[in-house]
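Below is one structure; the comments refer to it alone.
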Amino acid sequence: MRTAFRLAIHPIPELERFDTSLRYTDILFGFVIRELFLRLQSWTQLDLAVRLHLIVGTTLVLGSWIGFRRSLHRSGYQVKFFNLPLFRFLIDQMMLILYFRIAVLTDTGGRGVTVASDLARNTVKLVMYVFVLYMVWDLLGIWMATAKTTGADGKKNPLYPVVRNSEMTNEQQRVNVVGFLITVGATAFLIVFWLFANCFTPNLLFLGTTALLLAYRWAKETRTSWQSLRPA
């Protein structure tokens, strides 16, 4: 009875054979990118603040999509009720809602913005919320890497072990502490940008946020490249 109850609240991990959740997320990324491109096509008619806002949004969304696809720590396990991959999947969808919100802060003609400072503050605030979700996503990944289950022999085994050649192994996943610290550092900068937004011009806020997003993706990509060179 105890085993049956445990399975009801935390089903046995299985590998995702059809990439269903990944493909679904890709489709939603496509909707967000479409909104950004609809606005970018009116580039010559846009105010400078709107252009810089769209650069921030495009950098964020495209960088996130590439990072999502490149991540060594993206789960290859099926999403089930209720397991850790499900909660990471839900975090992904919450991020996409924020991406969409950033994309539609202006209309397709670049209108709908009366004060550039308001647009800048709202953009920074939403990007900050995205990075808070990045931290939660990383923490769930750390939880997955360290989670244990008791085997039939009474030993503690990894609940979500390393996947190699489309098969589950008995190896524990690496804990992505460095990636989490990179995200924490970037989030701290965004909090400073938001708290002291009145000390910056709107254009400087946009440019600073864009530079931070590029630096964040560079740091993440470097960490991923270095980690892929390390022996398993």
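Between a residue in the stretch 91-111 that is at pLDDT below 95 and any residue that is surrounded by fewer than 16 Cβ atoms within 10 Å (Cβ to Cβ) and in a loop (DSSP other than H, G, I, E, B), which pairs come within a Cβ distance under 8 Å, given they are 6 or more apart or on different chains?
Once the first residue is at pLDDT below 95 and sits in the stretch 91-111, its partners that are surrounded by fewer than 16 Cβ atoms within 10 Å (Cβ to Cβ) and in a loop (DSSP other than H, G, I, E, B) give 105/112; 106/112; 110/47.
With the requirement that a residue be at pLDDT 75 or above, surrounded by 18 or more Cβ atoms within 10 Å (Cβ to Cβ) and either hydroxyl-bearing (Ser, Thr, Tyr) or touching a Ser or Thr at 6+ places or on another chain (Cβ under 6 Å) (or both), what does the stretch 51-76 give you?
53, 56, 58, 59, 64
Considering only residues of the stretch 130-149 that are among the aliphatic types (A, V, I, L, M) and out of contact with any strand residue (DSSP E or B) (no Cβ under 9 Å at 6 or more places or on another chain), which is farthest from residue 57 (Cα to Cα)?
Going through the qualifying residues, I end up with 142.
What tally of residues in the stretch 181-211 results from selecting those that are within 15 Å of the chain's Cα centre (by Cα) and buried (at least 17 other Cβ atoms within 10 Å of the Cβ)?
4
One residue is enough: does the stretch 223-232 have a residue meeting the conditions part of a loop (DSSP other than H, G, I, E, B), of a type outside the set (Ser, Thr, Tyr) and touching a strand residue (DSSP E or B) at 6+ places or on another chain (Cβ under 9 Å)?
Yes, that holds for at least one residue.
Pull up the stretch 134-180, narrow it to residues that are part of a helix (DSSP H, G or I) and among the hydroxyl-bearing types (Ser, Thr, Tyr), then point me to the one that is surrounded by the most Cβ atoms within 10 Å (Cβ to Cβ).
Of everything passing the filter in the stretch 134-180, 134 is surrounded by the most Cβ atoms within 10 Å (Cβ to Cβ).
Would you confirm, using the coordinates I've provided, whether residue 131 is crowded, with 16+ Cβ neighbours inside 10 Å, modelled with pLDDT under 95 and under 16 Å from the mean Cα position of the chain (by Cα)?
No.
The values are calculated or read from the model by the stated rules, or taken from the named source; none is laboratory data. Everything numeric here is computed off the predicted structure, so don't read it as measured data. Neighbour counts run over all protein chains shown; Cβ positions are idealised from the backbone, glycine included.
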